[in-house]
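What follows draws every value from the coordinates through simple rules; no lab data is involved. The structure presented is a predicted model; accordingly, all values stated were derived computationally and were not measured. When we count neighbours, we look across all protein chains shown, and the Cβ atoms used for this are built from the backbone with ideal geometry, even at glycine.
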Amino acid sequence: MKYRTHLATTMAIGLPLMAGLNEISLINIGALGLGSLLPDIDHPSSFLGKRNKIASGITNKTLGHRGGTHSLIGVFVVFILGTFIQQNYLAVSGQNMTFWLVFGFLFHLIEDAFSKEGIHWLWPYKRKRRRKKIIYYTTGGIGEYLILGFTLCLLLIELRLLYLGTLNQFAHFTWLNEVQSKFEYLQRFCHL
């Protein structure tokens, strides 16, 4: 997926969840957006890769594209780094920043898992594919543009509901409170 589609899709999923938890803030929205773009730092011509050529070059040479940054190891590294930054450099207003950063990162991986190329969740272990995918899209193909169009329409509706102050009425996710409390427990356990 291209960065526009990653950003739109992740925001369309994350915004109602954020509204349901009453956690809409500039830092959380920024963390969600950054998380949705961060795995592609390993590609020099990606949105973040063009803006940070040193980090992009190093990750591309050492991990390759869709290598370590597109795996559960990448999720773990982002969790550790985000927790460190959150605990040492952010005030109380950014207390759930890492949750939304990891959410955006993980959702990027889920989106890429449905691409024709796929990802290796358990990198560096690579298993040869034996089955053909039933549902997939090609990066830059018509399927991706259909996904982008749909999610942009959905995002516009969500932004209008957010403006009216009614988006949180449609999003009651009690299970997400439980997930977030487990996430906070993990962060306290990994106090850096």
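From the alpha carbon centroid of segment 2-61 to that of segment 100-116 is 10 Å. Summing Lys and Arg as +1 and Asp and Glu as -1 over all other residues whose Cβ lies under 13 Å from the Cβ of Ser46 gives a net charge of +3.
May I ask which of Lys126/Lys182; Lys2/Lys50; Lys2/Lys182; Lys53/Lys182 have a Cα-Cα span longer than 24 Å here?
Over 24 Å Cα-Cα: Lys126/Lys182; Lys2/Lys182; Lys53/Lys182.
Note on Leu152 and Asn88: with the Förster distance fixed at 45 Å, the Cβ-Cβ geometry gives a FRET efficiency of about 0.75. Net charge of the neighbourhood of Ala55, taken over other residues with C-beta under 15 Å away and scored Lys/Arg +1, Asp/Glu -1, is +2. Going by the alpha-carbon gyration tensor, a ≥ b ≥ c the square roots of its eigenvalues, is segment 3-189 rounded (a/c under 1.5) or, if a/c is not under 1.5, prolate (a/b greater than b/c) versus oblate? Verdict is oblate for segment 3-189.
Which FRET efficiency value, to the nearest 0.05, do you get for Cys190 and Ala113 by plugging their Cβ-Cβ distance into 1/(1 + (r/R0)^6) with R0 = 22 Å?
0.25
Amide H to amide H distances under 5 Å link Tyr137 with Ser115, Lys116, where only residues 5 or more positions off or on other chains count and H is placed in the peptide plane. If Lys and Arg each add +1 and Asp and Glu each add -1, what is the summed charge of the other residues whose beta carbon sits under 13 Å from the beta carbon of Gly14? Counting the neighbours of Gly14, the net charge comes to -3.
Comparing Pro16, Gly64, Ile29 along the charge dipole axis of the chain, the residue lying farthest to the positive side is Gly64, per the Cβ-charge model.
With the simple spin-label model, which puts each label point 7 Å out from Cα in the Cβ direction, the Val77 to Arg160 separation comes to 4.2 nm. Say R0 is 45 Å: what FRET efficiency, to the nearest 0.05, do Thr174 and Lys61 get from their beta-carbon distance? Rounded to the nearest 0.05, the efficiency is 0.50. Arranged from fewest to most other beta-carbon atoms within 10 Å of their beta carbon, Asp40, Asp112 become Asp112, Asp40.
Simple point charges give the picture: +1 on the Cβ of Lys and Arg, -1 on the Cβ of Asp and Glu, and for segment 3-189 a dipole about the Cα centre of about 960 debye.
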